[in-house]
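What follows is one structure encoded as structure tokens, with my remarks underneath.
The values are calculated or read from the model by the stated rules, or taken from the named source; none is laboratory data. Everything quoted here is computed from the prediction, not taken from an experiment. Heads up, the Cβs are rebuilt from the backbone with ideal geometry, glycines too, and the neighbour counts pull from every protein chain shown.
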């Protein structure tokens, strides 16, 4: 299902890319190593240069499988070069023995370093066209060019790919077999940045790319981001051979069902549904090249990451002067449209105009919030902690309520490092602050209302707690109750160490109020009047069960118990109770009798049946 690909690599193989100036023999070298001509496009053969990325592979003498990515060397094709270089395990930096190190050699070397490539070899090409002195000069030139870079001290191997027979290939293959494999970014989340999308007769829509992380099986449902398009895999090829599963690092073609070619574009990524949400505000660690010009805060820059290129607005978080040559910065990029990136992804920045490479770095938080200048210092502290390996910082950056559990896991936060409340994960410090704030709110309530037994839960849902999800608040209360910090009593909360303490005067006033209501018997005072006079003491009497509301009136429990006993006895003797019977029994007017009958119904003493009442 793909052009420029052949045969199938296995899991655990190494990916090696070419790099270097145009016409320095990169494609000829790959052809000599693999027997495959990657300049397959007509315009490539006509012009003698590589325009598109080429992919092939071979098995080394050691038995190790290596995939080769041949990138273009022309300065106008840097975007394509970056797409091919992203995710490489190692590189073959090609330097012509005829010309030595050239400008594009240096730019490619800088880009590779910024993209996190940390291993490789230096290949002197076309050595059959020069004498020994020229080879020695080219070697010295290459050594000087890589000094201080990741290729400092790397083997320099003279080759002549077009000689008959080719020279230096055995030594090169031995060196390639010693190169280390680079750990894939993104963990087990499958992601394949699309570099080509086309329709193939007999198959339908096909996309190709190099799987950056995770694995994917035939038949699975996928999501093409950032468009959010769902599709299903109905065929996988790796280097031209059908397989049931694609792994990280493999050059892969996916046959997609349920999506049209015109809906797809280079720069999109194939992912599992819901695993890699699009991002548009990116916080990152960045290094500005020594050779780059200063760039002001707020400038527009080009962001290149894998097969994606997007314009973005730059914010420099740790330097008001902007990006300075040779300096490392913490930055925020706000992209013109969403991109598909994960923590740890490498990127390159280029100027909007003229086109030149400025520097590059790696993402710390691809799903950040826009940071105003007054918050830059806090962001720098958070990102510095994150760089030190404390992923819990993401929970702090999520706000007062931390992050939904799925988002926290997406960042790599472990359950044991977080406090789970209401489906959210909080940093332990966040949870402790919320707990302390709730207890402080309770203490303030008790201080303002010393005669109330506790605060209604609904009254505490204000301030920070009004902004939290209900389930989070409920779990926080339950956690504090389980820890013995507060007590739940129905709809009320109170601090565990709180108890009502009446002064002698208050105790006397309470006793007087209770006596007044007891003495009034059925003709108790109106609740509204007593609330205006002494709401706190009335609440205390109600909490103790000394008095109760009967319609708009208050009655003492002794009075209510007496009427309960009278009515129960009547029902045993007569079976039914009519309102007239009740008024005769109690001597009450309708004003008091009807509310009292309704109270008896509500408390299960009687059950209303039309115009009379019976035992429940």
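Summary of computed values
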quantity	calculated
Breaking point among (1) under 22 Å from the mean Cα position of the chain (by Cα); (2) within 30 Å of residue 232 (Cα to Cα), for residue 264	(1)
Check on residue 105, within 22 Å of residue 177 (Cα to Cα), outside the structural domain of residue 289 (by TED's automatic domain parsing) and either surrounded by 20 or more Cβ atoms within 10 Å (Cβ to Cβ) or more than 37 Å from the chain's Cα centre (by Cα) (or both)	no
Residue 314 being in contact with a helix residue (DSSP H, G or I) (Cβ under 9 Å, 6 or more places away or on another chain) and more than 30 Å from residue 466 (Cβ to Cβ)	no
Candidate set from the stretch 504-519 (those that are closer than 18 Å to residue 545 by Cβ and touching a residue at least 24 places away in the same chain (Cβ under 8 Å)); member that is surrounded by the most Cβ atoms within 10 Å (Cβ to Cβ)	517
Condition check for residue 523: exposed (fewer than 14 other Cβ atoms within 10 Å of the Cβ), modelled with pLDDT under 90, outside the structural domain of residue 420 (by TED's automatic domain parsing) and out of contact with any strand residue (DSSP E or B) (no Cβ under 6 Å at 6 or more places or on another chain)	yes
Hits in the stretch 41-67 (condition: closer than 17 Å to residue 252 by Cα, over 32 Å from the mean Cα position of the chain (by Cα) and modelled with pLDDT of 50 or more)	54, 55, 56, 57, 58, 65, 66
Enumeration of residues in the stretch 270-301 that are assigned to a strand (DSSP E or B) and more than 28 Å from residue 253 (Cα to Cα)	281, 282, 283, 284, 285, 286, 287, 288, 295, 300, 301
When residues of the stretch 451-472 are limited to those that are in a loop (DSSP other than H, G, I, E, B) and in contact (Cβ under 8 Å) with a residue 60 or more places away in the chain, the one farthest from residue 498 (Cα to Cα)	469
Evaluation of residue 19 against (1) within 28 Å of residue 200 (Cα to Cα); (2) at pLDDT 85 or above; (3) within 37 Å of the chain's Cα centre (by Cα) (one fails), failing number	(1)
Residue list for the stretch 347-361, filter: assigned to a loop (DSSP other than H, G, I, E, B) and surrounded by 13 or more Cβ atoms within 10 Å (Cβ to Cβ)	356
Search result, residues across the stretch 183-218 that are more than 14 Å from residue 247 (Cα to Cα) and either crowded, with 17+ Cβ neighbours inside 10 Å or touching a strand residue (DSSP E or B) at 6+ places or on another chain (Cβ under 9 Å) (or both)	194, 195, 196, 197, 198, 199, 200, 203, 204, 205, 206, 207
Answer from 160, 246 - the residue that is modelled with pLDDT of 90 or more, buried (at least 20 other Cβ atoms within 10 Å of the Cβ) and in the same structural domain as residue 30 (by TED's automatic domain parsing)	160
Only listed residue being in contact with a strand residue (DSSP E or B) (Cβ under 9 Å, 6 or more places away or on another chain) and assigned to a helix (DSSP H, G or I), chosen from 383, 371, 364	383
Filter result (crowded, with 23+ Cβ neighbours inside 10 Å and modelled with pLDDT under 95) within the stretch 296-322	304, 305, 306, 307, 308
Among residues of the stretch 534-571, those that are touching a residue at least 12 places away in the same chain (Cβ under 8 Å), more than 56 Å from the chain's Cα centre (by Cα) and part of a helix (DSSP H, G or I), counted	11
Selection from the stretch 592-607 of residues that are surrounded by 12 or more Cβ atoms within 10 Å (Cβ to Cβ) and part of a helix (DSSP H, G or I)	592, 593, 594, 595, 596, 597, 598, 599, 600, 601
One residue from 192, 151, 176 being assigned to a loop (DSSP other than H, G, I, E, B) and either at pLDDT below 95 or closer than 21 Å to residue 71 by Cβ (or both)	151
Yes/no for residue 412 being within 29 Å of residue 272 (Cβ to Cβ), touching a residue at least 40 places away in the same chain (Cβ under 8 Å), touching a helix residue (DSSP H, G or I) at 6+ places or on another chain (Cβ under 8 Å) and not in a helix (DSSP H, G or I)	no
Per-region count, the stretch 86-106, residues at pLDDT below 90 and either touching a helix residue (DSSP H, G or I) at 6+ places or on another chain (Cβ under 7 Å) or over 26 Å from residue 286 (Cα atoms) (or both)	1
Top-ranked residue in the stretch 68-85 [being in a loop (DSSP other than H, G, I, E, B) and under 20 Å from residue 34 (Cβ atoms); ranked as modelled with the lowest pLDDT]	73
Condition check for residue 346: in contact with a strand residue (DSSP E or B) (Cβ under 7 Å, 6 or more places away or on another chain), within 28 Å of residue 473 (Cα to Cα) and at pLDDT 90 or above	no
